[in-house]
Amino acid sequence: MVGDQTILLILSTYFVIATIGYLFDRYLKMPWMFTVVVFAMFLSGFGLFKDVFQSESFQFLAEMGMLLFLFTIGIDLNLEEIRKLGKYIILGGTLLPLVEGTLIAVFFYSVFPAFVSYSFPVALLAGISFGTIGEVVLLAILKQFGVENTRFGQLALGLGVFDDIFEFLTLCGIVVLPTLATTGEQSHALGDVVQIMLTLAGIIIATIILARLGGRSRKLLERVDEKSFVLPFAFFLVIFSFIYFSSTKFGDLGVIAAIFSGIAVKQVMPKKFVEQYKRPIFFVANIFLGPFFFLKVGGGISFTASFAYLWVVAAIVLISLLSRMLVSYLVFREAIGGQQSVILGIGLCTKFSTSIVSENLLFTSGLIAGPLYSVIVLSYVVMKPIIIGVFSRGLATMKHTLS
C-alpha cells in the first residue's frame, strides 16, 4: 500500500539524514537537504517508491514543505537592514545576479532553445534564479571562521540580504510568465495577467496595512498569556490566509504569499512571541515537512539526462564562478582589496536557497524541460563542495588580514 510505503520512505529518509547527512555536514559542510536530494535521485534512478512520489498525499506534503520553507525566509527578512544597504551592496547585488543570469540565459537559449520553450525570457528567469545567493550557507561558513562581523563578512551578508529582492522578483516573473506562454488568446492572457498583478498588489497592500496596524496588534496580543493556545494558531491563521486568498485562481501565487506571510507575522506579533514560536514553526517547516519537498526535487531529476549532459553542468559551473569572480573584483576591489574581492566572488556562488524553489516552479509549470531542470539541480550539487572547499581555503589564508 502507498500509505505503508510512504512511512517506509519517511523512515529511510530520516535515517539517511541522521547518518550520511550528519557526516556530510560535519566533514564536507554540506546541509542535510543535499543529502535528501541525492538520496531521492538514487531512489528515482532505480525506480524505488515510484507510487509514493506520484501520490497526491506526497505531493501535498511536498508543497506544504515548500510553502512553510518560504514562510521561514519571510519571517527572517530584516527590512531595516535592507533599507540601510550601502552603495556597494546595491551595485554588487544588482550586477551579480544579472550578469551571471544573463550569461547562463544566453547559453541555455543558444544551445538548448527547446529546453526553455524557445523563449529568452524563460531562459533569463532560469539563469537569474540560478544566480541567487544561499545566504544561510554563506553565513554558516563565515561563522565557522569567525569573520561574520568583519567588513568582508558584513558585505557578504548584506549582499545575501539584498539578493532576496531578486529572488522575489524572479518568483513574480515565474508566476506571471506561464499565463503569457500558454494562453491561446491574447485578450484572455492579458486579463489573467491583470488579475495576477492585482493579486500581487493585494498581497503587498495587505502586508503594508498589517505593518501599519502592527503597533496596536502587538499591544493587544501582549496581554495574552504567552502559554495560550491562541498565539500559535494566530501564526498559522496569518500564513494560510495569505496563501489561500492569493492562490484561489493562480496556485503559484501561494509561493509569493508564503514569503509575505512571514513578513506580516513579524509585523503584527510581539517580538517575544515571534521568537518563542518561530523555532517550533521552523521545526515543522524544515525538519518535518522540508524533507518531502527536497525528496520531490531529487525525485524529479533524471540520472540519464544528468550524465548525458555533464558537459552542460561543467559549463554552468564555469560561467557561474568566472562571472561572480569578475564582477566581484570590479565592484568591490576598492572597498576590500583585490584578493578579498575575488574570494568574496567565490563565496557568493553558494546557492540552493529560494533558487531551487524557482527552478522547480519553472519545471512544474512546463517552462523548462526535464533534462535542463536535472542538470541545473545537479549543478547545485556539484558546486557545493567546490565552493565550500575553495572559499573556506581562501578565508583560512586571509583570515588575519580581514578587518
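The values are calculated or read from the model by the stated rules, or taken from the named source; none is laboratory data. Because the structure is predicted, anything quoted here is derived from the model rather than measured. Please note: Cβ atoms are built from the backbone with ideal geometry, for glycine as well, and neighbour counts cover all protein chains shown.
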Output for the range 8-43, where each listed residue is free of Cβ contacts under 8 Å to residues at least 40 places away in the same chain and basic (Lys, Arg) = ARG26
query = Just a yes or no: is a residue in the range 275-291 out of contact with any strand residue (DSSP E or B) (no Cβ under 7 Å at 6 or more places or on another chain) and under 22 Å from ALA201 (Cβ atoms)?
reply = no
inquiry  = If VAL224 satisfies all but one of (1) in a helix (DSSP H, G or I); (2) aliphatic (A, V, I, L, M); (3) without any contact (Cβ under 8 Å) to a residue 40 or more places away in the chain, what's the number of the condition it fails?
reply    = (1)
query = Hey, among the residues in the range 2-20 that are in contact with a Ser or Thr (Cβ under 9 Å, 6 or more places away or on another chain) and hydrophobic (A, V, I, L, M, F, W, C), which one's modelled with the lowest pLDDT?
reply = VAL2
Any chance PHE242 is modelled with pLDDT of 70 or more and surrounded by 15 or more Cβ atoms within 10 Å (Cβ to Cβ) = yes
query = Taking the range 45-56 as the search range and keeping residues that are assigned to a helix (DSSP H, G or I) and over 23 Å from the mean Cα position of the chain (by Cα), which one is surrounded by the most Cβ atoms within 10 Å (Cβ to Cβ)?
reply = VAL52
